Amino acid sequence: MTTFDYDLFVIGGGSGGVRAARVAASETGARVGLAEESRYGGTCVIRGCVPKKLMVFASEFAHMPGTARSYGWDIGDGGFDWQAFSGRLKTELDRLEGVYRKLLSGAGVETFDMRATLADPHTVELADGTRKTARHILVATGGRPVKPDLPGAQWGIVSDDIFDLPELPDSILIVGGGYIACEFACILNGLGVQVTQYYRGAQILRGFDEEARGLIADEMRQKGIDLHTGTNIVAAIPAAGAADADESGFDIPAELLQERHGQGDAAYDGPVRVKATNGDIKTFDKLFFATGRKPNTAGMGLEALGVQLGRNGQIAVNEYSQTDVPSIYAIGDVTDRVNLTPVAIREGMAFVETVFRGNPTPVDHALIPSAVFTQPEMGTVGLTEEAARAQEEIEVYCTSFRPMMTAFADQPDRVLMKLVVSKATRKVLGCHIVAPGAGEMIQMAGIAIKMGATKEDFDRTVAVHPTMSEEIVTMRNPMRTA
Ligand code: NDP
């Protein structure tokens, strides 16, 4: 029988990889090695969900003094100190990285702080040239933000860079209309940055329920974000060097633009001049591309071994997260299935169950509740009204109103509660909430909907009063049927 250095070698120490390594080692007794080239905790902990959510909290205080005054508090507006916040943020992320390292060492996982690539179906090669063999290899290398291919894209930053800014810019242009673009538009607006957002499509947050997207766009504009839909960026140049070219800095063909401004000083940190598809030319302190992410598969030796990659570079896997090479598995964002931390963790757990406990367990990707941390938040589970309507006859229960807390303070904020119901089975097919705390609410609604709750089950549940979410169980008549 072949002997291997490890039963499992995991490449990538993010949420999915760490969970799989830890559980395989501590609960099944497997000998596990793990390599991470950057920081333990991965995108979610180091440059994603966690620091983002802390920034959401920081930005939400902006509105609180005004609201507090309406409730009788004698309180001034105060100011936001980015250095003070980001110092604490770094300390917290260091602490969390330490926790992740400890979890691995406590479980007996041997870690290597360096890049690993695949040499053969059972061998990984570490950056120092050492080779390690393993019965199973799990690729959990995640993804990274990508910039569009346009002249001057190098002058823009991506979400990874936001947390390390030495100071907050006065103004920023955010390009994109997805999760990251909209969340950071709201965060930075709350922190006092003048935010402009360009999205190429007709409405932000493509793929989410249309009514919910519309309300979020309205609320973002109402809170001061200069959101332009149907608008994209054509080119960017460093504003410092623009004036010497000509009045606008853009009055030359795109290929020359690239040449003229392409070799700039990599350390350039000044304002950026941007030309938009609508002809606008504007200068911003920072240009931020939130234009999607790409799986980290380049240069890993995957294709040479016969591991199939998809169009976006994602690893193709079956329902057990197994690639075309039987000893190689992949989980999380690198597979580009549902790119969310809790999903990567589920995939990691299912992998361990399948491979180390002999209990083949596919991951259930249906009815995953999720939240977009815009202001207001969106919580969503199941089908959008549009997708449900295309599938079957439905009833839509929906209400939009001014919530008690901010209505009292004469603020115009609106929230939305919506249920999409199957006419035939009465099952709630989708639930969409736009409201402060919607992420917390949808977690609970998600349980009922995952269990197959009907509209009548919702109706039988007594309301919690006075709350915003009580509307979810008190909507009597459908707003429309389709
Ligand atoms: P998304 O895919 O959600 O959004 C990318 C955006 O960029 C879209 O609006 C897209 O437009 C636009 N875009 C793409 N290419 C170009 C281009 N060449 N020029 C202009 N615009 C372009 O990616 P994100 O980076 O926002 O997020 C990545 C993933 O991370 C999400 O899908 C999600 O799974 C996860 N995530 C989850 C969060 C959460 O759960 N709260 C928070 C943050 C991220 P179009 O719509 O036209 O394609």
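Just so you know, all these numbers are worked out from the coordinates, no wet-lab data involved. These numbers come from a predicted model, not from an experiment. Note: ideal-geometry Cβ built from the backbone for every residue, glycine included; neighbour counts use all protein chains shown.
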Handout entry: Viscosity 0.692 mPa s, 37 °C: Kirkwood-radius Stokes-Einstein D of the chain over Cα pairs, µm²/s
Key = 133
Practice task
Find me the longest stretch of the chain that has none of the exposed GluC sites (Glu not before Pro), where exposed means in a DSSP loop (not H, G, I, E or B) with at most 10 other Cβ atoms within 10 Å.
Solution key: 248-482
Handout entry: Ascending count of other beta-carbon atoms within 10 Å, so fewest first, for THR323, THR341
Key = THR341, THR323
Handout entry: Paramagnetic label zone (point 7 Å from Cα along Cα-to-C-beta, LYS53; backbone N under 20 Å) in the stretch 342-357
Key = 342-349
Completion exercise
Excluding residues fewer than 8 positions from LYS132 in its own chain, the aspartates and glutamates with Cα under 15 Å of it are ASP5, ASP7, GLU36, GLU110, ASP113, ASP120
Exercise for the section: Could you tell me the convex hull volume per residue, in Å³, taken over the Cα atoms of the stretch 334-480? Expected result: 140
Handout entry: the stretch 336-482: relative contact order as a whole-number percent, Cα under 8 Å and 6+ apart
Key = 24
Fill in the blank from the handout: Note: the stretch 1-86 at 4 °C, 1.567 mPa s; Kirkwood Rh on alpha carbon pairs; Stokes-Einstein D in µm²/s works out to 78
Practice task
Starting from the Cα of ALA240, step 7 Å along the direction of its Cβ; do the same at GLN222; then give the gap between the two resulting points in nm.
Solution key: 4.2
Exercise for the section: Excluding ALA153 itself, calculate the net charge of residues whose Cβ lies under 13 Å from the Cβ of ALA153, where each Lys or Arg counts +1 and each Asp or Glu counts -1. Expected result: +1
Exercise for the section: Given a cut-off of 24 Å, name the pairs among LYS52/LYS147; LYS90/LYS286; LYS147/LYS418 whose C-alpha atoms lie farther apart than that in the structure shown. Expected result: LYS147/LYS418
Practice task
Enumerate the whole-percent occupancy of each 10 Å bin, from 0 to the last occupied one, for all C-alpha pair distances of the stretch 3-158.
Solution key: 10, 29, 25, 18, 11, 5, 2, 0
Problem - Loop chymotrypsin sites (Phe, Trp or Tyr not before Pro), the stretch 73-112, which have at most 12 other Cβ atoms in a 10 Å radius of their Cβ (DSSP) - result: TRP73
Completion exercise
For THR291, other-chain or 5+-apart residues with amide H closer than 5 Å (H placed, Pro excluded) are VAL146
Handout entry: Residue order, fewest to most beta carbons within 10 Å, for PHE4, PHE373
Key = PHE4, PHE373
Practice task
Enumerate the amide H contacts of VAL234 below 5 Å, restricted to partners 5 or more residues apart or on another chain; note that Pro and chain-start residues carry no placed amide H.
Solution key: LYS275, ALA276, THR277
Practice task
Could you list which residues have their amide H under 5 Å from that of VAL10, counting only those 5 or more apart in sequence or on another chain, with H placed in the peptide plane?
Solution key: GLY33, LEU34, ALA35, LEU138
